[in-house]
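The values are calculated or read from the model by the stated rules, or taken from the named source; none is laboratory data. Computed from a prediction, not measured in an experiment: that's the story for all the values here. Note that we place each Cβ from the backbone using ideal geometry, even for glycine, and neighbour counts take in every protein chain shown.
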């Protein structure tokens, strides 16, 4: 029997000092969409109160803690250890991607170095994460979007909390992608739009604007025409003047 195609093997490295334990469930659900979390390590000083929240969820998600005592002030041994481990894992050539979980711009160079090796990097951090780190990743997910109640339920439009950004903020990105495709009639397949949006902005995510699906976000903006073929594929284009 032919063997099944193996899911991408991922190394998940978490900076406990810059990440809340509240996102643990959502984080590993998101990672599972990408591939298999073969390595799960977290770095921090778990003897202090700052990382105590993580200590309570380590066993549930089979995360291996890498204890780093804060011997001196201003020296982040956790960051250094994470980088050393990441490079060791990279050179083992056993992984298809790395998930770097931090809001710290110090990991920008690490992300860039891993990608230079032809390996994907998926970043996870708060919306305050500096642009340099976000852009260094193939894809960047805001951890606020991993908390319960951040996106509208498919059947309950009132179920979401206030989104990180209004739907109108997504319009310039979508219009730019459509202009780059430059099709004869202006229609572009929604799947193509989604891929190009991530190439344009690695942190683009419908959930940031309060929607689970890109199609729902696009309809909400009221700036685009949407058509669905018999086979189910969706295409969009900028709304023509005079159309409501």
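A few points about this structure:
- Qualifying residue in segment 27-41 (condition: at pLDDT below 95, crowded, with 18+ Cβ neighbours inside 10 Å and closer than 23 Å to residue 141 by Cβ): no
- Residue in segment 229-238 that is in contact (Cβ under 8 Å) with a residue 24 or more places away in the chain, crowded, with 19+ Cβ neighbours inside 10 Å and assigned to a helix (DSSP H, G or I) present: no
- Test: residue in segment 104-111 that is in a loop (DSSP other than H, G, I, E, B), touching a residue at least 60 places away in the same chain (Cβ under 8 Å) and closer than 20 Å to residue 141 by Cβ: yes
- Number of positions in segment 112-148 that are part of a helix (DSSP H, G or I), farther than 14 Å from residue 30 by Cα and either touching a strand residue (DSSP E or B) at 6+ places or on another chain (Cβ under 9 Å) or assigned by TED's automatic domain parsing to the domain that holds residue 203 (or both): 6
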